């Protein structure tokens with residue numbers, strides 16, 4: 001384990017270098033400008049499209065797709081990850097997280113719209129992802145295979161580790177439940193859900209995702225009300241620290257920007273292609289409608305990250321790597337001495353409401369966050385396998401997918417009994433690999449997203465309910481859309 005941990009740290013040093021920050025943020029800014037900031041202009045449409053309940057035997061509803069995507073986005077990284085970002089980059093990291101999120105919404109729109117555009121029907125269900133886009137749009141079969149393999153390994157063996165480990169650690173420290181028991185029980189519960197496929201996964205996500213977000217926001221509101229007098233000073237601290245102002249957090253701007261970009265990218269999943277399979281699984285009339293709906297999730301995700309940040313900062317329950325020690329809890333000095341950071345900051349912040357409350361409340365929420373996230377990871381691994389075995393007989397493909405579902409349960413048990421630093425390092429490695437590959441491909445496919453957006457907005461301006469006709473906009477190799485909208489296309493042509 002020690003050797004594995006060192007190897008992961010070595011690889012992350014290069015994958016999450018300054019070049020990554022420039023690449024991710026630079027491409028997101030470029031997308032935003034070319035799309036004329038659709039993530040801001042069409043905000044009302046984004047929120048409206050999320051609530052669409054249209055579904056079919058082949059596709060889930062837009063709302064179910066949104067919740068499945070949010071299951072992946074809103075995980076333990078929104079709590080523990082934000083706390084680590086503040087420890088490393090200071091309060092200013094929160095500001096740069098906000099800025100990055102606005103631009104990342106354009107990246108999310110691009111990849112989700114393209115995922116919808118190039119989806120296909122496999123065994124009676126819509127399937128899509130970056131690998132389908134690479135092959136069908138660019139003719140890059142080799143790239144599609146590479147990305148599918150990276151996605152499968154990441155979703156199957158790297159990302160679930162952080163979630164599984166956090167659940168087992170939380171239950172062990174709060175209730176004394178042994179790690180192995182947590183691993184086995186969690187695997188059984190996961191198995192009941194993921195063995196039912198996307199319909200069952202999206203069904204559970206549609207219930208659990210709104211619940212976990214609502215409870216966390218309610219908890220934040222209570223903490224802010226109790227510490228209302230500290231709110232103005234907290235925001236001053238965030239903005240001054242973001243620009244190297246002030247004697248306490250001055251000199252941390254570089255770390256603040258780096259951690260802000262990294263946390264926003266990890267938490268939102270924008271740019272890594274993890275949201276594309278669920279987006280492609282939805283039943284919709286126009287790819288852009290789904291792209292807008294899923295990109296709205298970026299804002300919801302950052303709201304949850306902000307909730308964590310506000311609770312930690314307003315209560316002064318945080319330390320920084322530069323030497324600052326918070327005074328909001330008696331435990332902060334001890335945590336600083338041991339170097340411990342992360343989710344414990346959130347527990348101490350909530351604990352200011354009543355002694356002993358924080359550890360239990362935050363622990364329960366973390367379990368809910370982590371569990372739903374793994375559900376989404378399972379579906380993404382499944383979709384990558386469906387692509388890799390797309391030319392196989394249906395019986396073979398279904399058998400391989402069943403084997404994958406069982407394997408992810410065993411991996412869940414393994415990471416429940418693994419050191420947390422290895423689990424989180426593996427998760428960072430997986431995210432980084434997918435971001436590099438996915439954003440590289442998006443730069444080539446981006447013109448298609450611009451064409452689709454113009455078509456969507458032209459129909460909206462004409463007072464029509466947008467639907468997609470690939471022949472009208474000259475996009476090839478997307479014949480499934482001719483079948484999906486055949487009646488609407490025929491009616492439109494008859495009118496002419």
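The values are calculated or read from the model by the stated rules, or taken from the named source; none is laboratory data. Since the model is a prediction, treat every value here as computed from it, not as a measurement. Note that each Cβ is placed from the backbone with ideal geometry, even for glycine, and that neighbours are counted across all protein chains shown.
The criterion of at least 2 residues that are under 29 Å from the mean Cα position of the chain (by Cα) and surrounded by 16 or more Cβ atoms within 10 Å (Cβ to Cβ) is met, among helices (runs of 4 or more DSSP H) falling completely within the range 393-496, by 394-416, 420-461, 480-484.
Comparison of 113, 108, 52, 64 shows that the only residue that is in a loop (DSSP other than H, G, I, E, B) and either assigned by TED's automatic domain parsing to the domain that holds residue 32 or over 16 Å from residue 274 (Cα atoms) (or both) is 52.
Checking 214, 260, 246, 250 one by one, the residue that is assigned by TED's automatic domain parsing to the domain that holds residue 95, out of contact with any helix residue (DSSP H, G or I) (no Cβ under 7 Å at 6 or more places or on another chain) and either surrounded by 21 or more Cβ atoms within 10 Å (Cβ to Cβ) or modelled with pLDDT under 75 (or both) is 250 and no other. Taken together, 145, 181, 167 contain a single residue that is without any contact (Cβ under 8 Å) to a residue 12 or more places away in the chain and in the same structural domain as residue 360 (by TED's automatic domain parsing), which is 181. Looking at this structure, is residue 349 touching a residue at least 40 places away in the same chain (Cβ under 8 Å), under 21 Å from residue 201 (Cβ atoms), assigned to a helix (DSSP H, G or I) and touching a helix residue (DSSP H, G or I) at 6+ places or on another chain (Cβ under 9 Å)? In short, no. Filtering 333, 384, 295 for residues that are in contact with a strand residue (DSSP E or B) (Cβ under 8 Å, 6 or more places away or on another chain), part of a helix (DSSP H, G or I) and either surrounded by fewer than 16 Cβ atoms within 10 Å (Cβ to Cβ) or assigned by TED's automatic domain parsing to the domain that holds residue 152 (or both) leaves a single hit, 333. Taking (1) surrounded by 24 or more Cβ atoms within 10 Å (Cβ to Cβ); (2) closer than 17 Å to residue 172 by Cα in turn, residue 346 satisfies each apart from (2). Listed by first and then second residue, the pairs linking a residue in the range 426-444 that is assigned by TED's automatic domain parsing to the domain that holds residue 416 and within 12 Å of residue 274 (Cα to Cα) to a residue that is in a helix (DSSP H, G or I) and modelled with pLDDT under 80, with Cβ atoms under 6 Å apart and 6 or more places separating them unless they lie on different chains, are 430/158; 430/159; 431/266. When you check residue 189 against the structure, is it assigned to a helix (DSSP H, G or I), under 25 Å from residue 428 (Cα atoms) and touching a residue at least 60 places away in the same chain (Cβ under 8 Å), yes or no? No, not satisfied.
Quick one: would you say residue 363 is without any contact (Cβ under 8 Å) to a residue 60 or more places away in the chain, in a helix (DSSP H, G or I), in contact with a helix residue (DSSP H, G or I) (Cβ under 8 Å, 6 or more places away or on another chain) and more than 27 Å from residue 143 (Cβ to Cβ)? Answer is no for this residue. Filtering 52, 121, 64 for residues that are touching a residue at least 40 places away in the same chain (Cβ under 8 Å) and buried (at least 24 other Cβ atoms within 10 Å of the Cβ) leaves a single hit, 64. For residue 88, the conditions (1) in a helix (DSSP H, G or I); (2) surrounded by fewer than 20 Cβ atoms within 10 Å (Cβ to Cβ); (3) modelled with pLDDT of 85 or more all hold with the exception of (3). In a residue-by-residue description of the range 102-114, the property of being buried (at least 23 other Cβ atoms within 10 Å of the Cβ), farther than 20 Å from residue 46 by Cβ and modelled with pLDDT of 90 or more applies to no position. Which of (1) part of a helix (DSSP H, G or I); (2) out of contact with any strand residue (DSSP E or B) (no Cβ under 9 Å at 6 or more places or on another chain); (3) surrounded by 24 or more Cβ atoms within 10 Å (Cβ to Cβ) is the odd one out, the single condition residue 290 does not satisfy? Evaluating residue 290 over (1) part of a helix (DSSP H, G or I); (2) out of contact with any strand residue (DSSP E or B) (no Cβ under 9 Å at 6 or more places or on another chain); (3) surrounded by 24 or more Cβ atoms within 10 Å (Cβ to Cβ) leaves (2) as the failure.
Kindly establish whether residue 273 is within 12 Å of the chain's Cα centre (by Cα), assigned to a loop (DSSP other than H, G, I, E, B) and under 30 Å from residue 443 (Cβ atoms). Taking the combined requirement at face value, the residue satisfies it.
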